[in-house]
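Below you'll find the structure, written out as C-alpha cells, and then a few comments.
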Amino acid sequence: MKKSTQRKIWAWSMRLGNRCGCHQREDRSFKIGEFQFPICSRCTGILLGQILAIIFIFFKLNIPIYLDFIFLLIMFLDWYIQYRKIKESTNLRRLITGILAGIAQINIIYQLIIYLLKII
C-alpha cells in the first residue's frame with residue numbers, strides 16, 4: 001500500500017476517533033510504526049471490552065452485575081489517581097482498565113434489556 005494511501009486512511013480514522021469523543025493525546029495513545037492509533041489507549045480498551053462482552057453474551061458467559069460495578073470503579077480509580085496527580089497511569093493500565101469498563105458497560109446494558117423484557 002502506498003504511503004499516501006496509508007496517510008489518507010490514517011487521517012480519516014483520526015477524524016472518526018475525534019468525532020467519537022476521544023481526546024487522542026499522542027502520549028496516551030498506542031502507535032503502529034509512525035502512525036498514532038485513532039483513539040487513546042483507554043478508549044481502545046473500552047472498545048475491545050465492548051467487543052469481548054458481546055462475545056461473552058453470545059456464548060452465554062454471564063458476569064454478575066456487582067462485578068460490572070467493580071470493573072467501572074477500577075477504571076474510575078485509575079483515572080482519579082492520575083487526575084489528582086498521585087501517580088501517572090500507563091498506557092497498558094489504561095488499556096486494561098478500559099477493557100474492564102467496556103465489558104461492564106455492555107453487560108449492564110444487556111442486563112437492563114433482559115430485565116425490561118421480563119417485566120413487559
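The condition (being over 15 Å from the mean Cα position of the chain (by Cα), among the β-branched types (Val, Ile, Thr) and either under 19 Å from Gly17 (Cα atoms) or in a helix (DSSP H, G or I) (or both)) is satisfied by just one residue among Ile113, Ile74, Ile99, Ile54: Ile113. Take the conditions out of contact with any Phe, Trp or Tyr (no Cβ under 6 Å at 6 or more places or on another chain) and in a helix (DSSP H, G or I) and apply them to Ile63. Does it pass? Criteria not met by Ile63.
Condition test on Gln6, is it in contact with a strand residue (DSSP E or B) (Cβ under 9 Å, 6 or more places away or on another chain) and assigned to a helix (DSSP H, G or I)? Answer is yes for this residue. The residue that is surrounded by the fewest Cβ atoms within 10 Å (Cβ to Cβ), counting only those in the stretch 21-42 that are out of contact with any Lys or Arg (no Cβ under 9 Å at 6 or more places or on another chain) and in contact (Cβ under 8 Å) with a residue 40 or more places away in the chain, is Phe30. Determine, yes or no, whether Tyr115 is farther than 28 Å from Asp27 by Cβ and of a type in the set (Ser, Thr, Tyr). Here the answer is yes, as Tyr115 does meet what is asked.
Pairing residues of the stretch 7-20 that are without any contact (Cβ under 8 Å) to a residue 12 or more places away in the chain with residues that are loosely packed, with under 13 Cβ neighbours inside 10 Å, at Cβ distances under 9 Å and at least 6 apart in sequence or on separate chains, gives Ile9/Met1.
Since every read-out is calculated from the coordinates, none of them should be taken as a lab result. Because the structure is a prediction, the values reported are computed rather than measured. Here Cβ is always computed from backbone atoms with ideal geometry, including for glycine, and neighbour counts include all displayed protein chains.
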